[in-house]
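Taken together, the values in this text are just the output of simple stated rules run on the coordinates, not laboratory data. Worth saying up front: this structure is predicted, and the values here are computed from it rather than measured. Cβ placement follows ideal geometry from the backbone for every residue including glycine, while neighbour counts extend to all protein chains displayed.
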Amino acid sequence: MGKILDYILSKRKKSMAEYEENKEAFEKVMGRPSIEISVELPEGCEGQREDFLNLEKEDAFLKDVDKLVKKHLKKKKKMHDKLRKE
Amino acid sequence: MINVVQTIFILIYILTVLLAATEMVPLSLAALIGALLAIWFGINYGVFTYEDAIKFIDIKLIGLLVGVMIVIEVTERSGLFHVAALYAIKIARGDPVKLFFSICFVSAAASLFLSDVTAILLIAAAAGTIARIIKVDPSPYFISAAIMVNLGGTSTLIGSVSNMIIGMASGLSFTDFISYLTLGEVALWILVSVTLYFYYKPRLGEKRTPPTYNPWESVKDRKAVYKAFIIMILFFTLLFIYDRWNIGPEAVALGVAILALAATGVDPAEVFKRLDWETIFFIGGFFFIVGGVEKTGLLALLSQEIFKIAGGSQFNVVMLTLWSSGLVSAVVSNIAVALTFTPIIQGIKGLNSPAVWSALIFGTNLGGAATPFSGTVCIMTLGALKHEGINLNLADFTKVGVLTTFVELAFSALYLIVRFSLWS
């Protein structure tokens, strides 16, 4: 029976893609929001193409990005608070 | 005694149903192959002429289907139903019991407007997301949603494709549907959701802190949602009053579809691309098969047999229609069941009353969630669960599916007896 289900589901890939699309939309609202940014290989680092591509998976780099995001959000908050007081 | 031509048409019918049920070929292709065979044999054996065959297609039904699909597609694109689903989850505030009932009711309500497949893909995605966040087992929510989606829309002319088929064949208007069936459907919503609650109570999980969010964040353009809401109100208002103008529901559906396209500025080509052509062609093909079977005199024979078995009693015909269409719909596509049963009921002279049509509406709608393979909604639910990493035992689905289908059909039988005073 499970095989029959798999067979039928294999013919309904479009519908399952719609499910995934809906889920992504709900995750965006209900779950923890996330952003995606594209970073280009900086000028002068052309020789480090592979190192650059591996950064995506490096924990140390991701932690640094996390810190950078926090820093920027704190800065934004301070600015908003200051504007509100004024 | 059945003759050779009748046997050929029975075989064509069975072949089509088997091809469709086993999904060896797409649903539409199964019906079109059957249609081709029916036309070829029908014309060559002198069962009907080419002109007769053209008349098998109910163009009004196709118009209604296309119109409704366009209206729903345009309103769905606005994000209106996403907002509704997010509100349904928000009001539960992390309480699994409230969440369960909220999902049950929003599933049935969404099915009033959306196609069953679109509704389940939307509700399951919302339920799956919140289940992951508050760390509860999604299975009870998914399966209950599937059963409620199947139940929702039973009492409206546009609630399901089978309803549109029955509505157009019987001449029951939108208001007739409401007047004969709504009370029964509302009672069924309560009865079935309570049954499901007691069935799944131990698996619903504990209260958790819910996420805080604004449902409107899911929408890019609020104005589009307001427009969609107004379109839906206009659509339903016109459906309530169209019979005063001596026009059919297909005129309302197509008229509102044109207005919706014009008012929202959505690219019509995009909307047309997303219509459910599979269902439209399935119905188109099946018209020829049923039309051919009817021309052989087989359906008239069946009508006479049913009349004999029922002994001419209205009560017996209603019960026979309800249970047979309900049980057959558990195995065969309810669209095929509706297309086959309508000419049979039309043939039972003097007994094709609103009570019998109501029985057929209940039967064809309620049988669709008895087993995992009863309908696309069930298949999609199991597929969505698989995406969540849960391989549900098919027997588990069948257990709850058969239980709720029996409860639904038994209650519908009682409702029909009371609503149409069948005891007298």
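How big is segment B:88-210 by the Kirkwood estimate over distinct Cα pairs, in Å?
The answer is 14.9 Å.
May I ask you to compute the full-extension gain from B:Gln6 to B:Ile241, defined as 0.36 nm times their residue separation minus their alpha-carbon distance, rounded to one decimal in nm?
Values: separation 235, 0.36 × 235 = 84.60 nm, distance 4.28 nm.
Between B:Gln6 and B:Ile241, full extension yields 80.3 nm more.
Straight-line reach only, C-alpha to C-alpha below 21 angstrom: list the lysines that A:Lys28 could link to, leaving out same-chain residues fewer than 8 apart.
A:Lys70, B:Lys90, B:Lys135, B:Lys220, B:Lys223
Pick from B:Ser325, B:Ser412, B:Ser179: which residue has the top mean-square fluctuation in a GNM of chain B where Cα pairs under 10 Å get a spring?
Of B:Ser325, B:Ser412, B:Ser179, the Gaussian network model singles out B:Ser179 as fluctuating most.
Which ³J(HN,Hα) values in Hz, rounded to whole numbers, follow from the phi angles of segment B:305-310 under the Karplus curve 6.51 cos²θ - 1.76 cosθ + 1.60, where θ = phi - 60° and Gly and Pro get x?
Result, ordered by residue: 5, 4, 4, 5, 4, 6 Hz.
What is the P(r) of segment B:16-151, as percent of Cα-Cα pairs per 10 Å bin from 0?
11, 28, 25, 18, 12, 6, 1
What ratio of Cα Rg to 2.2 N^0.38 Å holds for segment B:51-100?
Taking the Cα Rg and dividing by 2.2 N^0.38 Å, one obtains 2.01.
To make sure I understand the rule: partners must be lysines, Cα under 19 Å from the Cα of A:Lys77, and not fewer than 8 residues away in the same chain. Which ones qualify?
A:Lys67, A:Lys85
Using the Kirkwood radius over C-alpha pairs as Rh, can you work out the diffusion coefficient of chain B via Stokes-Einstein at 20 °C, viscosity 1.002 mPa s, in µm² per second?
Stokes-Einstein gives a translational diffusion coefficient of 96 µm²/s.
Select from B:Ile165, B:Ile147, B:Ile233 the residue whose mean-square fluctuation is largest in a Gaussian network model of chain B (Cα-Cα springs shorter than 10 Å).
B:Ile233
For the protein assembly as shown, state the average projected area of the convex hull of the C-alpha atoms over all orientations, rounded to one decimal in nm².
Computing the convex hull of the Cα atoms and averaging its projections yields 31.6 nm².
Return the calculated 222 nm mean residue ellipticity for chain A, to the nearest 500 deg cm²/dmol, obtained by summing -39500 (n - 2.57) across DSSP H runs with n ≥ 4 and dividing by the residue count.
Details: 4 runs with 60 residues, N = 86.
One gets -23000 deg cm²/dmol as the mean residue ellipticity at 222 nm.
Please list, in order along segment B:380-397, the HN-Hα scalar couplings obtained from phi with the Karplus expression 6.51 cos²θ - 1.76 cosθ + 1.60 (θ = phi - 60°), rounded to whole Hz, x for Gly and Pro.
Listing the rounded values in order: 5, 4, 5, x, 5, 5, 4, 4, 8, x, 10, 9, 6, 5, 4, 5, 4, 5 Hz.
Give me a comma-separated list of calculated 3J(HN,Hα) values for segment B:131-137, in order, Karplus coefficients 6.51, -1.76, 1.60 applied at θ = phi - 60°, integers in Hz, x for any Gly or Pro.
4, 5, 5, 8, 6, 10, 5
Considering all alpha-carbon pairs of chain A, what whole percent are spaced by more than 15 angstrom?
Tail fraction, whole percent: 78.
Among A:Ser15, A:His80, A:Ile35, which residue has its Cα positioned farthest towards the positive end of the charge dipole of chain A, with +1 placed on the Cβ of Lys and Arg, -1 on the Cβ of Asp and Glu, and the dipole taken about the Cα centre?
A:His80
What nm distance separates the two modelled labels at B:Ala269 and B:Lys386, each placed 7 Å from Cα along Cα→Cβ?
So the two model labels end up 3.4 nm from each other.
Which is farthest toward the positive dipole end of the protein assembly as shown among B:Leu27, B:Phe198, B:Phe362, measuring Cα position about the Cα centre, with Cβ charges +1 (Lys, Arg) and -1 (Asp, Glu)?
Final value for the positive-end residue is B:Phe198.
Give, rounded to the nearest 20 debye, the magnitude of the charge dipole that segment B:62-197 has about its Cα centre when Lys and Arg contribute +1 at Cβ and Asp and Glu contribute -1 at Cβ.
For segment B:62-197, the charge dipole is close to 460 debye.
With charges only on Cβ, +1 for K and R and -1 for D and E, what is the dipole size of the protein assembly as shown about its Cα centre, in debye, rounded to 20?
Dipole of the protein assembly as shown, to the nearest 20 debye: 1740 debye.
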